[in-house]
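J.: So that we are looking at the same thing, I have put the structure below in structure tokens.
The values are calculated or read from the model by the stated rules, or taken from the named source; none is laboratory data. Quick caveat, the model's predicted, so the values are computed rather than measured. Virtual Cβ from ideal backbone geometry, glycine too; neighbours counted across all protein chains shown.
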Amino acid sequence: MTAIANIIKDRKVYLGGVDLSGDENEVSLAIEFDQKECTTFPDSSHVTAPGLAKITLDQKGFVTFGEGLVDETLVARLGTAGVPVSVTQKGGVSGEIAYFTKAWGSSYAPSMKVGELPSFDFSMSQDAGEVIRGTILIAKTMLAAGEHLGTAFHVGAVPEGKKLFAALHVFDVASGSVDVVVQCDDAEGMASPTDKITFAQHTDTGSEFKSAAGPITDSWWRVKVTVVGTATIFVVVGIV
């Protein structure tokens, strides 16, 4: 297989109800497993087994100070567990791959040097969740009032013992509310969809992380969004 490298120009980083993409220029997601020694007397070399997973998300960028800006946003996330965070592989359009999890801010280091732009390093660690390689069901989009049915994507069936996870990021709600439901069906046409995940109604910025347990035999997935006023959202799902 021939590898084709692409210059990175546009990646999306969503933290709770905030889009940090325009403030960051470097993101590093590390997924590691503890190595547990399980060597016994008959073994002629070390034998190890995978232990618990460890996920860290390191972010770098340019810091701004003031109400609702980067510094305030990142400080508020320090030590706050259960915050959905999503990182896209490409431009963050519907159908593309994104990694997502629940995490908490573990360290924040703003840096100010004379003659230079103020910058920051911000690290997040997983809390009690998985890190999921998922499919974007709806890219960051401002939706007008009414009901909106997203494009169906073949994410796959959910086997026994697995779960479908979903993350919702709500960036803005103007003069109303937004209700988001994740649906599935056995065919792309979604003739008889079943509601599998219903997020809480949002009337302001925010985020949510939910799951549905398998087995689920349907393999096509979409979102149904009902908006009063206008709302800007992003939804990603994946199976683990």
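J.: Residues that are surrounded by 22 or more Cβ atoms within 10 Å (Cβ to Cβ) and not β-branched (Val, Ile, Thr): find the strands (runs of 3 or more DSSP E) completely inside the stretch 148-240 holding 1 or more of those.
T.: Of the strands (runs of 3 or more DSSP E) lying wholly inside the stretch 148-240, those with at least 1 residues that are surrounded by 22 or more Cβ atoms within 10 Å (Cβ to Cβ) and not β-branched (Val, Ile, Thr) span 163-185, 206-213, 220-239.
J.: Kindly provide the set of residues from the stretch 52-76 that are loosely packed, with under 11 Cβ neighbours inside 10 Å and either part of a strand (DSSP E or B) or on the phi > 0 side of the Ramachandran plot (or both), ordered by number.
T.: Within the stretch 52-76, Leu52, Gly66, Gly68 qualify.
Conditions tested, residue by residue: (1) surrounded by 12 or more Cβ atoms within 10 Å (Cβ to Cβ); (2) touching an Asp or Glu at 6+ places or on another chain (Cβ under 7 Å); (3) more than 18 Å from Thr232 (Cβ to Cβ).
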{"site": "Leu78", "(1), (2), (3)": "yes, no, yes"}
{"site": "Thr88", "(1), (2), (3)": "yes, yes, no"}
{"site": "Val93", "(1), (2), (3)": "yes, no, no"}
{"site": "Val131", "(1), (2), (3)": "yes, no, yes"}
{"site": "Ile136", "(1), (2), (3)": "yes, yes, no"}
{"site": "Thr141", "(1), (2), (3)": "yes, no, no"}
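J.: Report yes if Ser123 is surrounded by fewer than 20 Cβ atoms within 10 Å (Cβ to Cβ), under 16 Å from the mean Cα position of the chain (by Cα) and of a type outside the set (Asp, Glu), otherwise no.
T.: Spelling it out, Ser123 is indeed surrounded by fewer than 20 Cβ atoms within 10 Å (Cβ to Cβ), under 16 Å from the mean Cα position of the chain (by Cα) and of a type outside the set (Asp, Glu).
J.: Under 6 Å by Cβ, and 6 or more places apart or on different chains, what pairs join a residue from the stretch 139-160 that is closer than 19 Å to Glu96 by Cβ and among the aromatic types (Phe, Trp, Tyr) with one that is surrounded by fewer than 16 Cβ atoms within 10 Å (Cβ to Cβ) and modelled with pLDDT of 95 or more?
T.: Phe153/Gly95
J.: For the stretch 77-88, which positions are in a loop (DSSP other than H, G, I, E, B) and of a type in the set (A, V, I, L, M, F, W, C)?
T.: The answer is Ala81, and nothing else.
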